[in-house]
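Following: one structure in structure tokens, then a few remarks.
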Amino acid sequence: MRKLTMQETFNKIRDHLLKQNYKSKAVFQDSVLCAFRDGNGRSCAIGCLIPDKKYRPELEYSVVHDRKIMDILETVIEMGKSLTAINFLEDCQDIHDKHDPCDWQDELGNVALAYNLAP
């Protein structure tokens, strides 16, 4: 399988979030937190990049730069584990986790601008 370029990764995340238009959340230790996958068919910016074969519930509530997450993402994206890749992926994840869906389009545009990507 060919790995995604940064632009292709951004496009996949953008298209996924804007189509879903809803945060992926789950209850964890009596708190509602963002989730890679919520069990209802929704996923976050990073969750949409994790292949079904590699997803495991124990991945939940890990941070993007966690080794087990980056090991999986490295098989999907050609950026590997570079600092740029980590920063880019964390910025994309922050859109899902820290902003309301009504703001995602603008926030995605900001990420595209920051990384010289087509919005």
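Can you tell me which of 54, 25, 12 is touching a residue at least 12 places away in the same chain (Cβ under 8 Å), under 17 Å from residue 98 (Cβ atoms) and either within 14 Å of the chain's Cα centre (by Cα) or surrounded by 11 or more Cβ atoms within 10 Å (Cβ to Cβ) (or both)?
Just one listed residue meets the conditions, 25.
Residues checked against (1) in a helix (DSSP H, G or I); (2) within 25 Å of residue 119 (Cβ to Cβ); (3) touching a Leu at 6+ places or on another chain (Cβ under 7 Å); (4) of a type in the set (Ser, Thr, Tyr):
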site: 39; (1), (2), (3), (4): no, no, no, no
site: 53; (1), (2), (3), (4): yes, no, no, no
site: 70; (1), (2), (3), (4): yes, no, no, no
site: 80; (1), (2), (3), (4): no, yes, no, no
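When residue 63 is evaluated against the numbered criteria (1) in contact with an Asp or Glu (Cβ under 6 Å, 6 or more places away or on another chain); (2) farther than 21 Å from residue 3 by Cα; (3) hydrophobic (A, V, I, L, M, F, W, C); (4) in a loop (DSSP other than H, G, I, E, B), which criterion, by number, is the only one it fails?
Of (1) in contact with an Asp or Glu (Cβ under 6 Å, 6 or more places away or on another chain); (2) farther than 21 Å from residue 3 by Cα; (3) hydrophobic (A, V, I, L, M, F, W, C); (4) in a loop (DSSP other than H, G, I, E, B), only one is false for residue 63: (1).
Has the range 37-48 got any residue that is out of contact with any strand residue (DSSP E or B) (no Cβ under 8 Å at 6 or more places or on another chain), surrounded by 15 or more Cβ atoms within 10 Å (Cβ to Cβ) and under 20 Å from residue 2 (Cβ atoms)?
Checked the range 37-48: at least one residue is out of contact with any strand residue (DSSP E or B) (no Cβ under 8 Å at 6 or more places or on another chain), surrounded by 15 or more Cβ atoms within 10 Å (Cβ to Cβ) and under 20 Å from residue 2 (Cβ atoms).
Looking at the range 100-114 only, could you name the residues that are buried (at least 16 other Cβ atoms within 10 Å of the Cβ) and either within 17 Å of residue 25 (Cβ to Cβ) or touching a helix residue (DSSP H, G or I) at 6+ places or on another chain (Cβ under 6 Å) (or both)?
Matches in the range 100-114: 104, 107, 108, 111.
So which residues in the range 92-115 are closer than 20 Å to residue 65 by Cβ, touching a residue at least 24 places away in the same chain (Cβ under 8 Å) and of a type outside the set (S, T, N, Q)?
92, 95, 96, 97, 111, 115
Can we say residue 90 is modelled with pLDDT of 95 or more and either under 14 Å from the mean Cα position of the chain (by Cα) or surrounded by fewer than 20 Cβ atoms within 10 Å (Cβ to Cβ) (or both)? Talk me through it step by step, then tell me what you get.
Working: modelled with pLDDT of 95 or more: yes; either under 14 Å from the mean Cα position of the chain (by Cα) or surrounded by fewer than 20 Cβ atoms within 10 Å (Cβ to Cβ) (or both): yes.
So residue 90 passes the test.
The values are calculated or read from the model by the stated rules, or taken from the named source; none is laboratory data. Being a predicted model, the structure only gives us computed values, none of them experimental. Note that we place each Cβ from the backbone using ideal geometry, even for glycine, and neighbour counts take in every protein chain shown.
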